[in-house]
Structure formats: structure tokens, C-alpha cells
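Peer 1: For reference, the structure I am asking about is given below.
The values are calculated or read from the model by the stated rules, or taken from the named source; none is laboratory data. None of these values were measured; they are calculated from a predicted model. Accessible surface is based on the protein model in full, side chains and every heavy atom, while ligands, DNA and RNA are left aside. Shrake-Rupley method; radii C 1.70, N 1.55, O 1.52, S 1.80 Å.
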Amino acid sequence: MMIQSNWIIIVFLLGWICAGVGIAKTVQTIWRGRVKSAYGNFDTMHSEASFNDILLVSIHNNIVPLLAAIFLEMGVEYYNKELGHYQIYAGRIAHIFLIFSIAKACANFFTSLANQKMPQVNGSVPTSSIITNIIRVAIYIGALVMILQSVGVSVAPALTALGVSGLAVALALQDTLSNLFAGLQLLVSKKIRPQDYVQLSTGEEGYIEDITWRNTTIRTMANHIVIVPNSKISTNALKNYYFPDTETPATVSIGISYDCDLEYVEKVAIEVAQATMSRLEGAVENFTPIVRFNSFEESSIKMTVIMRAKTFSDQFLIKHEFMKDIHKKFRDESIEIPFPTRTMIMKTPQEMAVHEE
């Protein structure tokens, strides 16, 4: 069939694209049940998703532009003669569309794979935005190179120009590159990871939300966000409460009277601590509380009860419940928690006069 009018050819090419979209929608409908079993929905990955599940979901989410690009390529080839001198432009558009669709699908698949599988591999680099962004940028740069080559643009001169101007760019982006490599160093060292609870030397503390190419985002206990440049974290002291494990002590200091039997007080405190920990989910199971007498204070003997929490945030509820329990138990057992007292000697005016003489 010879088609003379260019606009009719465009209509037929749009028809090829619509055919690809229609087939893609049909495939999506068929696969929808399998996709939902791998994901709770199409945006959130199920924690138990396998490699095949991730691949299936990536195909599901990207099959429409992929098949549309493939059918456009097929349509251009089919109407090669009818397109005449427009064939080269139509072919380039089809190539660009196809390469971009494949790059987008690959970027989504590999970033999803990184988000799901990297945290599960023992000793691997923890996933974060900086990792997924590097994956996306690398794939899209490769796609851009392929697109330039497909339209007849030589990449070698561009790479040479970039090499010559690289020093100037590096100097101009010194702070940005510093934060980028600091973020990579933080991830590779595995000393801090997303969801770790950390405290900075400047006093800020909270959960690591994300490590991007420039900043580290920290969510405080008050649900506020603290944004810190990666270079500041890598060059300053930092305490990680989740490394090497998440368990942390839950300590409570108490002052008791000098008249108390220390052996009995120690026994009672351990029993109360064990009872408190046994009913709280955030307490470490099978941990025996420790009691240590620390010092002789002005009005009391100071003691510390050491319990253990599963995470940093769990310690606060353990302390809260233990203080209520120990206060009630000490009151029932007549164990005194004394108020601070001070003995003062007041001299009469006559005594002061004798002292001055």
C-alpha cells in the first residue's frame, strides 16, 4: 500500500503506538494479581519480595512506554519507503524514545533491587538516596551516550573537552564533591546506616533518615528534621547508639538513707528491676539487672540500677516504669529515699563577739 500524504503516515504511526499501549494495558491487567502479591501496592515493595517479584513489578510499571516505543520503531520500519526523506528523522525519534524507555525501566529495576536486597546482604553497603541516585545517573548517562551515537554525534570530542575542563569544574564544585565523597565514605565504612540513632558532637541527635549526595537527614525524637552536610559528619565526632548492636543500657540513679541495709536494698532493687523488665517488650530478655553503689553523698548513699533496652528509644519507658515500681516498693519496705539535708550552726551575738576577741 502506497501512502502519499504525510499526515496519513503520522496517523498510522500513532495507530502503531496505540496498539503497543493497548497490548501493554492487557498485559498489566493479566499480571496485576501477581504484582499485588509481591507489593502491598504498586509504590511500596513487600519486605519478602524476591528477585523475580522485583523484575515483574518493574516490567509492570514500565511496559506501557516500552511497548509503545517498540511498536513505534516497528511502524517506522514498516513505512520506511513511504516516509521518504523524513524516514531518518522519524527513525531517530523512534530510537531516542526506545533508548529512553529502556533506560527508565532499567533505572527503576536496579534502584528497586538495591533498595530491597542490599540491606539484606550481611556486610553490604546500606542503601540510601545517594546509592540509588548514582545508579540512576549512571544509567541515564549511558543512555545519553547511546542517543548521541544514534543521531551521529561523536562522543570522543565531548569527553576530551570534559577532561580539559574537569579541573575547573572540580574547583567550582569543591564543596559539593566533598559532600558527595564524604557520603560515599560514610556508607562504605558502614559505621552509620539509615535508621541508626546517632548523636553529633554539636549536640544534635536522632535517627538517620537518609544520606543523599550532599546532606544527611536526621529525624529527632521530637519528629523534627536536622540536615547536616556529609563532610561535617565525616570530620566530627559522632556516637552511634545502633553500632555494633542496637541494645543500650537503661540506668537509674537512686539515693538511699545511711540507715538502710545495703544488702537488702540491692536485693529489692534487682527484684523490682526484673519484674519491670519482664512485662515490657522493649526490655532485653534474660538480662539480669545490676546494682552498683557509687558514692557517699552529703545526705544519701548513691546507687545505680542498670537494666538493658533493645533500642535507644525503649530505655525511656523502662526507666519510667521502674521509677514508679521502685518508689512504691521502697515505700512499702520502709526504705528511705532521703531529701537533701544540711546541718547549720547559728551563733548568738555573744558567741560571735567572743570569737572576734
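Peer 1: So how exposed is Arg92, as accessible area in Å² (1.4 Å probe, rounded to 10)?
Peer 2: Using a 1.4 Å probe on the heavy atoms, I get roughly 80 Å².
Peer 1: How much area per residue is accessible in region 236-321 when the probe is 1.4 Å and only protein heavy atoms are counted (Å²)?
Peer 2: Numbers: 4740 Å² over 86 residues.
Accessible area per residue: 55 Å².
Peer 1: Sort largest first and round to whole Å: the equivalent ellipsoid semi-axes of region 200-282, each the square root of five times a Cα gyration tensor eigenvalue.
Peer 2: Values: eigenvalues 317, 45, 24 Å².
Calculated on Cα positions only, the semi-axes equal 40, 15, 11 Å.
Peer 1: Using a 1.4 Å probe and ignoring any ligands, DNA or RNA, find the accessible area of Tyr207 and quote it in Å² to the nearest 10.
Peer 2: Surface accessible to solvent at Tyr207 totals approximately 30 Å².
Peer 1: Can you compute 3J(HN,Hα) from phi for each residue in region 56-68, using the Karplus curve 6.51 cos²θ - 1.76 cosθ + 1.60 with θ = phi - 60°, rounded to whole Hz and x for Gly and Pro?
Peer 2: So the J values, rounded to whole Hz, are 4, 5, 4, 5, 4, 6, 10, 5, 5, x, 5, 5, 4.
Peer 1: Something else: Mind ranking Asp196, Asp325 by accessible surface for me, highest first, 1.4 Å probe? Before the final figure, lay out the partial values.
Peer 2: Values: Asp196 10, Asp325 45 Å².
Most to least solvent-accessible, the answer reads Asp325, Asp196.
Peer 1: Whenever you get a sec, compute what percent of the accessible area on region 204-357 sits on carbon and sulfur atoms (1.4 Å probe).
Peer 2: Numbers: 5240 of 9940 Å².
The nonpolar share, carbon plus sulfur, comes to 53 percent.
Peer 1: Quick check on my link table: of Lys190/Lys310; Lys104/Lys310; Lys267/Lys319; Lys232/Lys324; Lys239/Lys319, which ones sit more than 30 Å apart, alpha carbon to alpha carbon?
Peer 2: Working: Lys190/Lys310 21 Å; Lys104/Lys310 41 Å; Lys267/Lys319 18 Å; Lys232/Lys324 41 Å; Lys239/Lys319 21 Å.
Beyond 30 Å between Cα atoms: Lys104/Lys310; Lys232/Lys324.
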